[in-house]
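The values are calculated or read from the model by the stated rules, or taken from the named source; none is laboratory data. What you are looking at is a predicted structure, and each value in this text was computed from that prediction instead of being measured. Positions of Cβ are backbone-derived with ideal geometry, glycine not excepted, and every protein chain shown enters the neighbour counts. SASA here: full protein model, heavy atoms, side chains in, ligands and nucleic acids out. Shrake-Rupley method; radii C 1.70, N 1.55, O 1.52, S 1.80 Å.
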Amino acid sequence: MNIGVLGTGMVGETLGTKLVSLNHNVKMGSRSASNEKAAAWVKKNGANASQGTFAEASKFGELILNCTKGEVALEALKIAGEENLKGKVLIDVSNPLDFSKGMPPTLTVCNTDSVGEQIQKNFPSVKVVKTFNTMNCLIMVNPRSLSGSHNVFICGNDAGAKNKIRDLLKSFSWKDEEILDLGDITASRGMEMVLPLWLRIMGTFKSGAFNFNIVK
Ligand SMILES: NC(=O)c1ccc[n+]([C@@H]2O[C@H](COP(=O)([O-])OP(=O)(O)OC[C@H]3O[C@@H](n4cnc5c(N)ncnc54)[C@H](OP(=O)(O)O)[C@@H]3O)[C@@H](O)[C@H]2O)c1
């Protein structure tokens, strides 16, 4: 599959590398076509990896991954361009964290809204699937690095899109029973509001190598 990964941070790099290793063609998008982090990533990942602007990566991808800063995700997607996103499935990994007043960060949107919903509202033809935002990116791509069963949440309005992403998650070694579908895109609120707790646990463990396991 041709995949556009929007974001040159640790998440874009980690997910992009995993997707290339699974033989997908990945274009990493940035505000600048010659972003240095993207160039270094392309150099490491060979012929199936390329870089471009947010718009070029979005045009390239049948599937888009939003790995930009949550507080500016809408801005990044507007730069990507509605015409390049139209009708596509978009995985939103972002969290609306505001670090401007130091640690711990606060959420720029919460309770009655979320980044996932804002993307869906602003780009109605796009099939937004929120997933992966509740864990460190190294766990996203290597769930079996933790012992035992643990969960990845998924939500979105389009059942077909969620099924496609379920298959993608399974190709990353997530087990079917570990993928917890929380319903429509409004579930993004809860998924994003988990972050203050996630950050606190990370502080306690002094490591991001953990995840949530929901037990009935
Ligand atoms: N770190 C994790 O393990 C983890 C886990 C779960 C979720 N997340 C979420 O995943 C997302 C990516 O995290 P990250 O740490 O990899 O990267 P990040 O530093 O949060 O974001 C990097 C991306 O945001 C873009 N960006 C920054 N300011 C912008 C602006 N004003 N307008 C448009 N784009 C802008 C950058 O564009 P340029 O390329 O042009 O610089 C870059 O591509 C975040 O929302 C984060 O909360 C992270």
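Pull out all pairs, ordered by first then second residue, where Cβ-Cβ is under 6 Å, the residues are six or more apart or on different chains, the first lies in the range 104-124 and is within 21 Å of residue 158 (Cα to Cα) and in contact (Cβ under 8 Å) with a residue 24 or more places away in the chain, and the second is of a type outside the set (Phe, Trp, Tyr) and open to solvent by 40 Å² or more (accessible area, probe 1.4 Å).
So the pair list comes out as 114/189.
Just checking: which of the strands (runs of 3 or more DSSP E) contained wholly in the range 102-216 hold 2 or more residues that are within 16 Å of the ligand (Cβ to nearest atom) and crowded, with 20+ Cβ neighbours inside 10 Å?
Hits in the range 102-216: 127-131, 152-156.
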